[in-house]
Number of protein chains: 2
Amino acid sequence: MIVPRLIERKRNGRALTRDELRELVLAYSRGEVPDYQMAAFLMAVYFKGLDRDEMTTLMEAMLASGSHLDFSHLQIARVDKHSMGGVGDKTSLVLAPLIASLGIAVPMISGRGLGHTGGTLDKLEAIPGFRTQMTMAETTRQVEDIGCALVGQTAELVPADKKMYALRDTTATVEVIPLIAASIMSKKLAESLTGLVLDIKCGSGSFLPETEKGLELAKAMIQLGESHGCPVVALMTAMDRPLGHACGNALETKEAIDMLHGGGPPDFVEVTFALGAEMLLLSGVCRSMEEAHSEMRRAIAGGQAAEKFEEIIAAQGGDSGVVSDTSRLPQAACEGVYEAPADGFITRVEPRAIGHGIIALGGGRLTMEDTVDPSVGFVITVKPGDKVAKGQPIATVYARRKSALEIGRRTLQAAIAVGDAPAEGCALISHRVTASGVENFTAHG
Amino acid sequence: MIVPRLIERKRNGRALTRDELRELVLAYSRGEVPDYQMAAFLMAVYFKGLDRDEMTTLMEAMLASGSHLDFSHLQIARVDKHSMGGVGDKTSLVLAPLIASLGIAVPMISGRGLGHTGGTLDKLEAIPGFRTQMTMAETTRQVEDIGCALVGQTAELVPADKKMYALRDTTATVEVIPLIAASIMSKKLAESLTGLVLDIKCGSGSFLPETEKGLELAKAMIQLGESHGCPVVALMTAMDRPLGHACGNALETKEAIDMLHGGGPPDFVEVTFALGAEMLLLSGVCRSMEEAHSEMRRAIAGGQAAEKFEEIIAAQGGDSGVVSDTSRLPQAACEGVYEAPADGFITRVEPRAIGHGIIALGGGRLTMEDTVDPSVGFVITVKPGDKVAKGQPIATVYARRKSALEIGRRTLQAAIAVGDAPAEGCALISHRVTASGVENFTAHG
């Protein structure tokens, strides 16, 4: 393999063979191809793309670079949900125990928050004692025992992806759809799944704000799943405003627990149920949307979902008492109520501004080395389109110090706009994408 | 400076500011920006280019990364000639002593051969004892003393270019005109020149075979020279066949010495005189082409040019006796005559094939680590358009061993084509490019 010739070929817009690309990725993972050659290759891919076969080969090489979870002996369905990330997105904390309580294995490997987006691991770690770094053997055992584990990526799992992602992050080669798709799917398929549900965010707070790009990514990931025998369904959901009310780690964990007890803001409940229904359909446990929804409502009303969360928390060393008493979660020292600045309609609740506000309060990360205060954040009880009166409380800031409340107030001032007429936002769930095509729920006629 | 943001900006087709690009290059040269970020940046430049200001900034940053020669105290013109490289191109070996013998300083920093192209340093090192690695102080002293030094690049001279060129070579980012132009011009302007003549090769054996690309490169380099107060003139010359007859280090050195004694093949003499005339005009020593040509003829006929070469060789530790007795140059152990395979016209003498044949005989390099046998090569006495009779001797192979003569024979068989009618090749000198525009010597009417 003469690496400069492979870079040159991609640069000239031609495809690499399966063997060439596989060997390039594996040799890079072993440290035999230097970072600078991979960086040049990835920038050439930014401009010239990867075709379907190359994308599949890339993902397979990433998978082959490390060890995998293996649950093929379990004889039950194994389904996960992956979200592109956003602000206020705590669906994983409900879906994992809810779906596992219905007899489906959920081996969920998640990430941390970075930039304006939050991360499931950070929300879980808001629970005192909760341990997200587990070995692959521990993860396997826990999924066998209680049907679910909520863990971070280990060094053994798809190391080529880990190394390549770190390189992309520092070389402006992140925003390439086949690279994103192969990166996500290599990690998800290493979970030994029989089905996967994707939550593709669209709108200003999404990593890929344009619907077209989101659909393209969804199709690429569905193709990769199919090539590996794992059916994938994607829903496109709104991220032009935060999901639910709570934004900030412990606040979001509390909101997720509220939903496991039958509460929660309507938009958060609707998206979570929609994703959960897809998981249940993929697993084969339910045959229709109606059946799936009624099963989920039953598991919540009967307490099994909340009990499953307690079981998972206990298994991972956390204080399971938080499920019945959310005051055991970290509490911010100071609270400040934010009022509507004028009469009118909410026209905008900008998720990026809220996400950056959480960082400013000490609850998020600009680099992976930053530590996070789980207690801080916002609870915003209005949505675009809501009618408000001047002085009406519409949000609360949670902060470590009185002086920080001002940071929160300014964040809300910049993020929330009030106008004379209700503005139209993204549909909460706009598209459903499967191997057979795209359903557009917003299409007229 | 946040490097990923600079890479991203270039990737998106936008220009960097002068300060940003300068700092990027200097920080890279100091080892503070890693190779992988520079590799991604260079690949983005491959696709999005550099504008005039960026190219100038890049060259200035390269110049600023190291030390320069300084002859501003000399009060005489300092002129150099740079060739894009080819097969059989030994004009530097004649021009340096010839022009220096006319009272002009020629501080010539040259390179080695790589791939199919030869290099001036290798040809000089065919002279027993000739030392091309000199310190900048030694080089300066020698130019002050005898008006000329023929040396290789030192580590102190434009280190940013050296480092960046090595990276480009391994990341498929060599063929980018503003990068080529800035790289060459940073080295040439570090010679403290008052004028520079470029020999831009076109045709199949050139690094940039298309005339349009060659003209673009010429214009870029002229612009860079002008921005630095150094007038530049470029001639475009033919490299769809070797220049002169001799191809191979010692063989070419002998042919150059022949010309210094008034001999040499007509095409080699014509190109050398054309380049030399431009050097004399730029230096201000001559006022017209006619005067320049007659001065050069006089310096050769009177022996001053050959004497200057002896002086240079002696100053650099070489055996100056080779100038009066070329049999003191390394001689190949075996010779084999090659005959025309048929009656007809020579339609092609392919320089790349000849260059690769020299490597196969042990006289060239595939990597910079290869060592070179100076004695081997070819003398090819025919040119495209010549009429030949079957069995007529048209070339000689020079090899280390009898068994290698066959390699040479096969090279000539593949490189030289005989057809029924004379084919048209590139004009020997097709264009002259200056800051005021392009003269096309091949244009009709």
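The values are calculated or read from the model by the stated rules, or taken from the named source; none is laboratory data. Being a predicted model, the structure only gives us computed values, none of them experimental. With ideal geometry, Cβ positions are generated from the backbone for all residues, glycine too; neighbour counts draw on all protein chains shown. Quick note on the areas: whole protein, heavy atoms, side chains included, nothing else; ligands and nucleic acids left out. Shrake-Rupley method; radii C 1.70, N 1.55, O 1.52, S 1.80 Å.
Descriptive notes on the structure:
- Every residue from the range A:311-324 that is open to solvent by 20 Å² or more (accessible area, probe 1.4 Å) and more than 16 Å from A:Met108 (Cα to Cα): A:Ala314, A:Gly317, A:Asp319, A:Ser320, A:Ser324
- Among (1) within 27 Å of B:Ser110 (Cβ to Cβ); (2) under 26 Å from the mean Cα position of the chain (by Cα); (3) within 14 Å of chain A (Cβ to nearest Cβ) - the single one B:Ala64 does not satisfy: (3)
- Residue that is most open to solvent (accessible area, probe 1.4 Å) [pool: residues in the range A:148-195 that are part of a helix (DSSP H, G or I), within 14 Å of chain B (Cβ to nearest Cβ) and in contact (Cβ under 8 Å) with a residue 12 or more places away in the chain]: A:Tyr165
- Matching residues in the range A:36-54 - criterion: being away from chain B (no Cβ under 14 Å) and open to solvent by 10 Å² or more (accessible area, probe 1.4 Å): A:Leu50, A:Asp51, A:Arg52, A:Asp53
- Matching residues, the range A:234-244, being open to solvent by less than 10 Å² (accessible area, probe 1.4 Å) and either more than 12 Å from A:Val197 (Cβ to Cβ) or of a type in the set (A, V, I, L, M, F, W, C) (or both): A:Ala234, A:Leu235, A:Met236, A:Ala238, A:Met239, A:Pro242, A:Leu243, A:Gly244
- Selected residue (criterion: least open to solvent (accessible area, probe 1.4 Å)) from residues of the range B:273-294 that are assigned to a loop (DSSP other than H, G, I, E, B) and farther than 16 Å from B:Ala100 by Cβ: B:Ser288
- Of all residues in the range A:68-125, those satisfying the criterion of being of a type in the set (D, E, K, R) and farther than 17 Å from A:Ile354 by Cβ are A:Asp70, A:Arg78, A:Asp80, A:Lys81, A:Arg112, A:Glu125.
- Restricting attention to the range A:3-33 and to residues that are touching a helix residue (DSSP H, G or I) at 6+ places or on another chain (Cβ under 7 Å) and surrounded by fewer than 16 Cβ atoms within 10 Å (Cβ to Cβ), the residue that is farthest from the other protein chains (Cβ to nearest Cβ) turns out to be A:Arg18.
- The condition of being surrounded by fewer than 19 Cβ atoms within 10 Å (Cβ to Cβ), in a loop (DSSP other than H, G, I, E, B) and touching a residue at least 24 places away in the same chain (Cβ under 8 Å) holds for only one of B:Ala443, B:Ala421, B:Ala414, that being B:Ala421.
- The range B:388-406: number of residues that are within 13 Å of B:Gly248 (Cβ to Cβ) and open to solvent by 60 Å² or more (accessible area, probe 1.4 Å): 1
- Looking only at residues in the range A:88-137 that are free of Cβ contacts under 8 Å to residues at least 40 places away in the same chain and part of a loop (DSSP other than H, G, I, E, B), the one that is surrounded by the most Cβ atoms within 10 Å (Cβ to Cβ) is A:Gly119.
- Only a single criterion out of (1) in a loop (DSSP other than H, G, I, E, B); (2) more than 23 Å from the chain's Cα centre (by Cα) is not satisfied by A:Thr347, namely (1).
- Some residue of the range B:219-229 being touching a residue at least 60 places away in the same chain (Cβ under 8 Å), at positive phi and either out of contact with any His (no Cβ under 8 Å at 6 or more places or on another chain) or open to solvent by 30 Å² or more (accessible area, probe 1.4 Å) (or both): no
- A:Gly385 falls short of the stated requirement of being open to solvent by less than 40 Å² (accessible area, probe 1.4 Å) and touching a Cys at 6+ places or on another chain (Cβ under 8 Å).
Conditions tested, residue by residue: (1) of a type in the set (Phe, Trp, Tyr); (2) modelled with pLDDT of 95 or more; (3) under 17 Å from the mean Cα position of the chain (by Cα).
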| residue | (1), (2), (3) |
| --- | --- |
| B:Asp145 | no, yes, no |
| B:Val151 | no, yes, yes |
| B:Glu156 | no, no, no |
| B:Lys163 | no, no, no |
| B:Met185 | no, yes, yes |
| B:Leu198 | no, yes, yes |
| B:Lys201 | no, yes, yes |
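- Among the residues listed as B:Gly344, B:Gly303, B:Gly336, the single one being of a type outside the set (A, V, I, L, M, F, W, C), open to solvent by less than 60 Å² (accessible area, probe 1.4 Å), at pLDDT 95 or above and farther than 30 Å from B:Ala389 by Cα: B:Gly303
- Looking only at the range B:70-80, and only at residues there that are open to solvent by 10 Å² or more (accessible area, probe 1.4 Å) and modelled with pLDDT of 95 or more, the one that is farthest from B:Cys247 (Cα to Cα): B:Ala77
- The condition of being more than 14 Å from chain A (Cβ to nearest Cβ), among the hydroxyl-bearing types (Ser, Thr, Tyr) and open to solvent by less than 10 Å² (accessible area, probe 1.4 Å) does not hold for B:Ser204.
- Restricted to the range A:216-259, and to residues there that are part of a loop (DSSP other than H, G, I, E, B) and either touching an Asp or Glu at 6+ places or on another chain (Cβ under 7 Å) or outside the structural domain of A:Leu280 (by TED's automatic domain parsing) (or both), the residue that is nearest to A:Ser436 (Cα to Cα) is A:Leu243.
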